[in-house]
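Some notes on the structure that comes next.
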Amino acid sequence: MKEGLSFFWLPKNEGLQKLWTENIGQENIKPAVVRRICSLHFEKEFINRTLDVVRLKGDLVHVSKINFLTK
C-alpha cells in the first residue's frame, strides 16, 4: 500500500454518498460493496493528519476523479 494513503468511509447520508460516487466517476457502484474512498480523491487541505486518526475536515462534498493506472 502506498505510504500516507488513507481510506474514508462513505457518508451515511445517501445524498452525500451519491455526490461522492458521482464525483469520482463511479456513480454505479453500490455503497454496500464499496464503502470507503482513498485519500487520493481528496485535496490535501481537506485531510486532517494532525491527530492519531486521519480524518476529513468537516462534511466534505468535494471529492475528485482520479485515473487509475493498471499494469
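The values are calculated or read from the model by the stated rules, or taken from the named source; none is laboratory data. Small disclaimer: the values here were computed from a predicted structure and weren't measured. FYI the Cβ positions are ideal-geometry reconstructions off the backbone, even for glycines, and counts take in every protein chain you see.
I'd like the full set of residues that are in a loop (DSSP other than H, G, I, E, B) and surrounded by 10 or more Cβ atoms within 10 Å (Cβ to Cβ), limited to the stretch 41-57. Within the stretch 41-57, PHE42, GLU43, ARG49, VAL54, LYS57 meet the criteria.
Conditions tested, residue by residue: (1) modelled with pLDDT of 70 or more; (2) of a type outside the set (D, E, K, R); (3) within 11 Å of the chain's Cα centre (by Cα).
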position	(1), (2), (3)
ILE24	yes, yes, yes
ILE37	yes, yes, yes
LYS44	yes, no, no
GLY58	yes, yes, no
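Would a scan of the stretch 11-25 turn up a residue that is in a loop (DSSP other than H, G, I, E, B), in contact with a helix residue (DSSP H, G or I) (Cβ under 8 Å, 6 or more places away or on another chain) and loosely packed, with under 13 Cβ neighbours inside 10 Å?
As a first pass, look at the stretch 11-25 and keep what is in a loop (DSSP other than H, G, I, E, B): 11-13, 24-25.
After this cut, where a residue has to be in contact with a helix residue (DSSP H, G or I) (Cβ under 8 Å, 6 or more places away or on another chain) as well, the list is 11, 24.
This time we only want the ones that are loosely packed, with under 13 Cβ neighbours inside 10 Å, so: none.
Within the stretch 11-25 (the criterion being in a loop (DSSP other than H, G, I, E, B), in contact with a helix residue (DSSP H, G or I) (Cβ under 8 Å, 6 or more places away or on another chain) and loosely packed, with under 13 Cβ neighbours inside 10 Å), the answer is no, since none of the residues qualifies.
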